[in-house]
Amino acid sequence: MKSARKIMSIRSLARASGFSIATVSRVLSGKKHVAENTRKKIHGLADRYGFRPNRVASSVFGRRTGSIGVGIPNLRVSYFADIAAGIQRQLLEVDCLPILLDFSQDDERKGIRRMIEHRVDGMILSIVDESLRLPELREILQSDLPLVMVDREMTAYATDSVCTDDVNGGRLAGEHLTALGHRRLGFCYYGEGASTCDTRLEGFRRTLAQAGLALRDEDIVRRPPRGADSEARFREDLRRLLLRTDRPTAIFAPTDLLAREVYRVARGVGLRIPADLSVVGYADLEFAAFLEPPLTTVRQNGLEVGRIAARLMLQRMEDRDRPAQRIVVPTALVARESAAALPNATPIALGS
């Protein structure tokens with residue numbers, strides 16, 4: 001039996017069904033006030049002939065494209081991949097297509113402009129480039145597109161946002177290390193005014209202050225945000241820190257990627273983890289449990305962050321006038337073997 005020939009236009013589908021183009025368009029766009037028998041017949045013919053409406057073309061007439069632009073940094077990192085997976089699962093449940101860009105591979109400004117040109121119905125963005133300031137994002141706001149920010153807020157504008165509880169994450173890292181008796185602690189700073197690093201540092205500092213301790217500037221190693229030699233400079237600065245006679249006995253690295261660098265540099269100067277140096281990371285990336293020794297870290301729930309971001313987007317598309325929401329996803333400490341009690345030290349009681 002010959003297979004049905006594909007129908008590529010709504011006009012042809014209307015002719016085959018015996019209904020008007022307007023009726024077929026109402027059915028395919030999901031509008032009400034169409035008889036159920038009519039709806040079933042048109043959908044049946046569309047399936048039989050393999051017809052799919054051109055949602056991008058229909059957007060010219062003010063209709064939705066059924067697509068959401070999603071910009072996520074570095075999808076090779078499991079936390080960001082989980083966010084993307086959470087967004088995708090939530091959107092596909094309601095037949096909404098995520099158009100995903102890896103912002104570590106593409107220019108963020110160009111990617112945002114292309115998604116606007118594609119006429120997406122909204123955008124979910126996690127901005128890594130801290131030089132991408134409000135002027136570049138204003139184009140989205142001026143185009144009246146719904147916007148959900150992930151792990152970054154735009155305080156100058158009322159936009160929906162979802163983020164990890166990074167202040168509490170930094171607090172958990174500080175509490176764990178001070179409870180093990182460490183009094184001299186180091187920190188690895190990344191980015192340039194990176195909001196996630198700053199909030200983790202804030203929580204860390206608060207805990208140290210409660211314990212009557214302070215994080216000294218000379219115990220902070222900074223990873224330059226740009227430059228071909230940024231990684232090499234970071235490793236050299238870290239090496240110098242670990243070779244000092246008054247070096248920290250523990251380091252909080254606010255990403256597991258930086259914690260892995262601490263492992264490498266520490267071994268290079270003959271320090272054992274955790275016998276000579278305790279390390280706490282952040283994110284609980286897929287490799288953290290397989291480092292030697294397994295990394296103590298603060299766990300983020302990327303899947304939940306992604307699901308919530310998608311739900312916020314769908315809610316915003318249905319109600320453009322509701323107040324902006326900010327949702328914070330909890331963190332949890334995962335204690336493994338990279339942090340140990342400091343010999344002959346007593347745990348530090350935190351102040352109230």
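Below is a table of values for the structure above.
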{"quantity": "Contact order relative to length of the stretch 168-322, as percent, for alpha carbon pairs under 8 angstrom and 6 or more apart", "calculated": "21"}
{"quantity": "Nonlocal amide H pairs with Arg336, under 5 Å, H built at 1.01 Å", "calculated": "Thr296, Thr297"}
{"quantity": "Packing-based ranking, highest mean first, of 10-23, 294-307 given that Cβ atoms within 10 Å are counted", "calculated": "294-307, 10-23"}
{"quantity": "Rel. contact order, % - alpha carbon contacts under 8 angstrom, at least six apart, the stretch 257-337", "calculated": "30"}
{"quantity": "Enclosed volume per residue, in Å³, of the convex hull spanned by Cα atoms of the stretch 259-345", "calculated": "114"}
{"quantity": "Backbone HN-Hα couplings from phi across the stretch 80-91 [Karplus 6.51/-1.76/1.60, Hz, Gly and Pro as x]", "calculated": "6, 4, 5, 4, 4, 5, x, 4, 4, 4, 5, 6"}
{"quantity": "³J(HN,Hα), Karplus 6.51/-1.76/1.60, whole Hz, each residue of the stretch 281-296, x for Gly, Pro", "calculated": "x, 8, 2, 6, 5, 4, 8, 4, 6, 10, 5, 10, x, x, 7, 6"}
{"quantity": "Integer Hz, Karplus 6.51/-1.76/1.60 couplings in order for the stretch 216-224, x for Gly and Pro", "calculated": "7, 4, 6, 9, 9, 9, 9, 9, x"}
{"quantity": "Cα convex hull of the stretch 194-352 - mean projected area over all directions, nm²", "calculated": "12.3"}
{"quantity": "Amide hydrogen neighbours beyond the local backbone of Arg223, cut-off 5 Å, H modeled", "calculated": "Tyr189, Tyr190, Gly191"}
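Bear in mind that the values in this text are calculations on the coordinates, not laboratory data. On a predicted model such as this, the values are computed, not experimentally measured, just so you know. Because the Cβ atoms are built from the backbone with ideal geometry, glycine has one as well, and the counts that use them run over all protein chains shown.
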